[in-house]
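The values are calculated or read from the model by the stated rules, or taken from the named source; none is laboratory data. As the structure is a prediction and not an experimental result, all values here were calculated from the model. Here the Cβ positions follow ideal geometry from the backbone for every residue, glycine too, while neighbour counts run over all protein chains shown. We work out accessible area using only protein heavy atoms, side chains counted, and drop any ligands, DNA or RNA first. Shrake-Rupley method; radii C 1.70, N 1.55, O 1.52, S 1.80 Å.
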Amino acid sequence: QVMGRYWLRALTLALLCGSLAGCGGLLGGKAAIRQHRLFIIEAEPLSLNLPDSERPYPFKVEIGAFEVSRLYDQEQIVFRLSPQEIKTDRYHRWAVRPGNMITDAVEQYISDAHLFTDIRQEFLDTTPDFTLTGTVKAIERFDSGNLWYASLVISMQLVDKRNEIFWGPREFTAGKKQVYIEDFSHTVVTLRQLLRGYMAEAIRELDIRFLTRKLQDEGLPFAHLLNQSSGGQNGSGGQAVA
């Protein structure tokens, strides 16, 4: 009878061990329990070197909600394995959907730069002078064996009250930037750095465009600013001085 109780306990313990993935906790090990992790990309302080700037420019600028390519318009983070294959992981998620996350960060960057006198995501009581719109074309990590790369591709443009393009469309991409540690928090740091670099370029270009326009309206020389503008990269040429 004692032996029967012993074998019954042994059988119960064996079944319990199987349900706990090897019974690591009971036999001295530690069963791995995956935690749900939430990540976010937010604005960081920028050090802007714009010596000729006359910010803030007296305009009301609305930051429109950024559109997101359908593949990335979800809270689950996209891991790309090849041009044809992706995967998602329910344990890794964005804390905020990418469209809202990037829109909030862009608004914060432009607000912190004091580029305009009034910057909002929505004007309810008045019509903005300009509207900044954009698209998140890619926000993902590329996994290639033991190599990992972050990719962030964004396009932006600024339109006036007549819906005519004042600046842009401007696409920002640094290609795939290598991440040297697999933990996804390091990929988020890299994505955040990419966005920070893109916004530094965008703010500089917008500053030059508005300063050029201001000098032109005042009949002052502005040709020296045209050499500083990277308008040729975004296909908008010299629209600011047309």
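At a glance:
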quantity	calculated
Residue match in the range 199-215 (condition: free of Cβ contacts under 8 Å to residues at least 12 places away in the same chain, hydrophobic (A, V, I, L, M, F, W, C) and more than 17 Å from E42 (Cα to Cα))	yes
Conditions (1) modelled with pLDDT under 80; (2) farther than 30 Å from I110 by Cα; (3) open to solvent by 50 Å² or more (accessible area, probe 1.4 Å): number failed by G24	(3)
The range 202-225, residues that are at pLDDT 95 or above and either open to solvent by 10 Å² or more (accessible area, probe 1.4 Å) or acidic (D, E) (or both)	none
Residue pairs meeting the criteria (Cβ under 9 Å; at least 6 apart or on separate chains; first on the phi < 0 side of the Ramachandran plot, in the range 46-59; second loosely packed, with under 10 Cβ neighbours inside 10 Å and outside any loop (DSSP other than H, G, I, E, B))	none
Selected residue (criterion: nearest to L215 (Cα to Cα)) from residues of the range 39-74 that are open to solvent by less than 70 Å² (accessible area, probe 1.4 Å) and of a type in the set (D, E)	E62
From the options Q178, Q193, Q157, residue that is touching a strand residue (DSSP E or B) at 6+ places or on another chain (Cβ under 6 Å), closer than 30 Å to P51 by Cβ and open to solvent by 40 Å² or more (accessible area, probe 1.4 Å)	Q157
When residues of the range 103-123 are limited to those that are open to solvent by 20 Å² or more (accessible area, probe 1.4 Å) and β-branched (V, I, T), the one farthest from L50 (Cα to Cα)	I119
Condition check for Q84: closer than 21 Å to S155 by Cα and modelled with pLDDT of 75 or more	no
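For every residue, the table says whether it meets (1) touching a residue at least 60 places away in the same chain (Cβ under 8 Å); (2) assigned to a loop (DSSP other than H, G, I, E, B); (3) surrounded by 18 or more Cβ atoms within 10 Å (Cβ to Cβ); (4) among the polar types (S, T, N, Q).
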residue	(1), (2), (3), (4)
G134	yes, no, yes, no
K137	yes, no, yes, no
R141	yes, no, yes, no
V153	no, no, yes, no
R162	no, yes, no, no
W167	yes, no, yes, no
E171	yes, no, no, no
